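Every read-out reported here was derived from the displayed coordinates using simple, explicitly stated rules and does not represent laboratory data. Predicted model, so just to flag it, every value in this text is computed and none were measured. Using ideal geometry, Cβ is built from the backbone for each residue, glycine included, and neighbour counts are taken over all protein chains shown.
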């Protein structure tokens, strides 16, 4: 059970950062298409999820590793999904 509690911050930051990067990519796509409301909503998601992620990794700086991995994967899939 200890491994779950120790791994939780890494998983939480990974998921939160993945969501934040998804919002960033979708925000850029919507902004490029000059759609103000979707851009504004994606922007709000960036701030909300980014704040939550920051709160977790302030307690454990090693979670930056999972944040970097999630950034790579999240942006890749958001842009790939947006091309369809």
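With the helix formula -39500 (n - 2.57) applied to DSSP H stretches of n ≥ 4, the chain reaches a computed 222 nm mean residue ellipticity of -31000 deg cm²/dmol.
Using R0 = 35 Å, the C-beta based FRET efficiency linking residue 51 and residue 76 works out to 0.90.
Report note on the peptides 18-25, 41-48, 64-71: ranked by the mean count of other C-beta atoms within 10 Å, highest first, their order is 18-25, 64-71, 41-48. Against the longest alpha carbon principal axis of the chain, how many degrees, from 0 to 90 and to the nearest 10, is the axis of helix 36-59 turned? Computed tilt is about 10 degrees. Note on the chain: Kirkwood hydrodynamic radius from all Cα pairs is 13.2 Å, rounded to one decimal. Subtracting the Cα-Cα distance of residue 35 and residue 8 from their residue separation scaled by 0.36 nm leaves 6.1 nm. Compared with the dominant principal axis of the Cα atoms in the chain, helix 64-82 is inclined by about 30°.
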